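So the structure is just underneath, and the comments pick up after that.
The values are calculated or read from the model by the stated rules, or taken from the named source; none is laboratory data. Keep in mind it's a predicted model, so treat the numbers as computed, not measured. Methodologically, a virtual Cβ is constructed for each residue, glycine included, from the backbone with ideal geometry; neighbour enumeration extends over all protein chains shown.
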Amino acid sequence: MATENTSGVHVWLILMKAHQTFLKQAQRSIQGTGLCFSDFTALEILLHKGPIPIITIGEKLQLTSGSLTAAIDRLEKRGLLERSFDPTDRRVRIITLTSAGERLIKDLFKQHSLDMENAMSGLSQNERKQLIQLLKKAGKQLPAI
């Protein structure tokens, strides 16, 4: 009986393939919303984090400054978010959901959450907990990027 390949490179390949599969599922879920993936994700970040500096959104989305500005401009033009200056540091721009933006992302996120729950339906709650713990453990031993 052959032993299962548990080499670091094999684990990485399996993780990468799983990530690609789940990313495609997330993109399919978002596809019919009228938003591109980065716009949806920016709104979702604001929904769960509240008003935050624009640079924080860029870090979380891993977007270049130009791409981030374009995304924020698109969402602002649609009336879904607004920019303001940080009262303690005028160099910092704070991004906030408008009431229309909050209503939209709450509605869209409900369906997205159901879609992603369905994508994970092959794992029990205990398996999900184990997976989360193992992924965190693996990630924490690496140097920060």
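In the range 33-42, is there at least one residue being more than 30 Å from residue 138 (Cα to Cα) and touching a residue at least 60 places away in the same chain (Cβ under 8 Å)? Break it down into steps so the answer makes sense when it comes.
Here is the first cut: in the range 33-42, the ones more than 30 Å from residue 138 (Cα to Cα) are 33-36.
Restricting the remaining residues to those that are touching a residue at least 60 places away in the same chain (Cβ under 8 Å) gives 33, 35.
Looking through the range 33-42, at least one residue is more than 30 Å from residue 138 (Cα to Cα) and touching a residue at least 60 places away in the same chain (Cβ under 8 Å).
A single entry from 6, 33 fulfils the requirement of being in a loop (DSSP other than H, G, I, E, B) and within 23 Å of residue 121 (Cβ to Cβ): 33.
Quick grid of which residues meet (1) at pLDDT 95 or above; (2) among the basic types (Lys, Arg); (3) exposed (fewer than 12 other Cβ atoms within 10 Å of the Cβ); (4) within 15 Å of residue 30 (Cβ to Cβ):
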position	(1), (2), (3), (4)
54	no, no, no, no
85	no, no, yes, no
91	no, yes, yes, no
96	yes, no, no, no
99	yes, no, yes, no
102	yes, no, no, no
105	yes, no, no, yes
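Looking only at the range 89-145, residues that are among the polar types (S, T, N, Q), over 19 Å from residue 32 (Cβ atoms) and assigned to a helix (DSSP H, G or I) come to 5 in all. Return the residues of the range 24-52 that are surrounded by fewer than 19 Cβ atoms within 10 Å (Cβ to Cβ), β-branched (Val, Ile, Thr) and in contact with a Phe, Trp or Tyr (Cβ under 9 Å, 6 or more places away or on another chain); say none if nothing qualifies. Passing the criteria: only 33.
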